[in-house]
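The values are calculated or read from the model by the stated rules, or taken from the named source; none is laboratory data. The shown structure was predicted, so the numbers you read here are calculated from the model rather than taken from an experiment. In this analysis, Cβ positions are derived from the backbone assuming ideal geometry, glycine residues included, and neighbour counts consider all displayed protein chains.
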Amino acid sequence: MRSPIPVRVRQVAGRVSWTVVDQVLSALSNFLLSVLVARTVSADVFGAFSMAFLIFTFLIGVTRALIGQPLQITFASAEPAAFRVATRSALGAAVLVGVVCGALCVLAGVLTGGELSTALIVLGVCLPGLLAQDISRMAFFARGRPAAAAGIDALWAALLFPALLVAQLLGLSDIGWPLALWGVSALIAALVGLRLLGATPRVAGAARWGWQQRPLTGYLLAEYVMTAGVGQIGILAVALTGDAAGVGSLRAAQVLLGPLGILVAASFLFAIPEIARRPDISAGALTRLGLTMISAMGGITAVYCVVVLLLPDGVGLGLLGDTWSGAQTVLLPMSVTAFFAALGTAPASVLYGLGQARKTFSIQVWKAPLLVVLLAVSIPLWGAVGAAWAIAVTEIVTLPLWLLKARAAVRERSASTVAATPTVQ
């Protein structure tokens, strides 16, 4: 019997489903790692782990801005041969960034003492594989193959979970062990991803390829550094006040809200290449996509945040151990941040998918200074709680700007479509 659902709708639904599955698997590895460390170490040691993990998160964002997003926006609709060449260069650029930044992390680890030293050294060694794995995933999404991206993330999780369990049973409590197992399993998944892509990293042409993408990367990188980057640096600034446990509290709250990050990332990974692959998409279709995303993301995020805020102490302690009490102090502002960030996913996806980097950059020009000022005032007065509320207020204020810019972009698309339509004489 023939399905009443149109073929295109089934195909899009399939890509959405696999995108969500991939994000769940990717985030699950990070979640398991964080929960395991939180349950087995003190709050101060977890703070050291959190600082290393924040550095990794920052570098992932930088790599996506320099490499992953240009690959998705510019080459999503390219011919297979051109896409393969671009993918090889993108992978080479990721490896190059991983080697350079990894060497800096190792150097910083050598110059630093305590648990943070171990975490930085292990992170530095693992960075090339971690970044290559992430760019492989983005290449699959750009080509409309989210099932393949989910496959390599499933492999990563399948390797990591048993290895972490064995390490725990053997009593390997040093912070370096879970980080090393995390990095090695990511490297194996990256190698399988390269095999599925049929592409090997081309380091020789990486710098030239990156330079060619500068019309996008200049805006995207500056935008990331001014927003997410400033926010992460602000969290690290909490540690400069001597409150390493405060950094751990913020990271623990992020762990609890991690599933919402999965949805946000899945929305971006699906919507941006979906729009970029359809240069003829109509203004009406863009509006419908945006409204659907806002409704879905807002509803799901609100329900989840309420559930997290009402978690019993027994559940929180079971998940996070001693870090739970600190996480409770920042959960409300972190939940507010998650809600407004989720609402902003829709207009941001429309702008990125249309290649409107100039418009998205103009928003960050206002957002970044606001965040810096709020962090500078709040951290000395209220520490981790102040940092969390500073980030939340920034997201609230910025949301109307995203909506206005997206509306303007959709109107421009509508006007250009009308102008390009031939008239019948």
Starting from residues that are farther than 18 Å from Glu274 by Cβ and either polar (S, T, N, Q) or not in a helix (DSSP H, G or I) (or both), keep the ones in the range 328-349 and report whichever is modelled with the highest pLDDT. Ser335
When residues of the range 210-232 are limited to those that are at pLDDT below 75 and of a type in the set (Gly, Ala, Ser), the one farthest from Leu59 (Cα to Cα): Gly218
Failed item, numbered, when Val203 is tested on (1) of a type in the set (Val, Ile, Thr); (2) over 22 Å from Val247 (Cα atoms); (3) in contact with a Phe, Trp or Tyr (Cβ under 8 Å, 6 or more places away or on another chain): (3)
Look at Leu374 and say whether it is farther than 28 Å from Arg288 by Cβ, surrounded by 19 or more Cβ atoms within 10 Å (Cβ to Cβ) and without any contact (Cβ under 8 Å) to a residue 40 or more places away in the chain. yes
Taking Thr87 as the residue in question, decide whether it is modelled with pLDDT of 90 or more and under 20 Å from Leu269 (Cα atoms). yes
Is it fair to say Ile272 is of a type outside the set (Gly, Ala, Ser) and within 21 Å of the chain's Cα centre (by Cα)? yes
Going by the structure shown, is Ala252 at pLDDT below 75, in a helix (DSSP H, G or I), in the same structural domain as Gly386 (by TED's automatic domain parsing) and farther than 24 Å from Gly68 by Cα? no
Residue match in the range 260-275 (condition: under 30 Å from Ala78 (Cβ atoms), modelled with pLDDT under 85 and surrounded by fewer than 15 Cβ atoms within 10 Å (Cβ to Cβ)): no
Taking the range 107-132 and keeping residues of a type in the set (Val, Ile, Thr), free of Cβ contacts under 8 Å to residues at least 24 places away in the same chain and out of contact with any Leu (no Cβ under 7 Å at 6 or more places or on another chain) leaves Val110
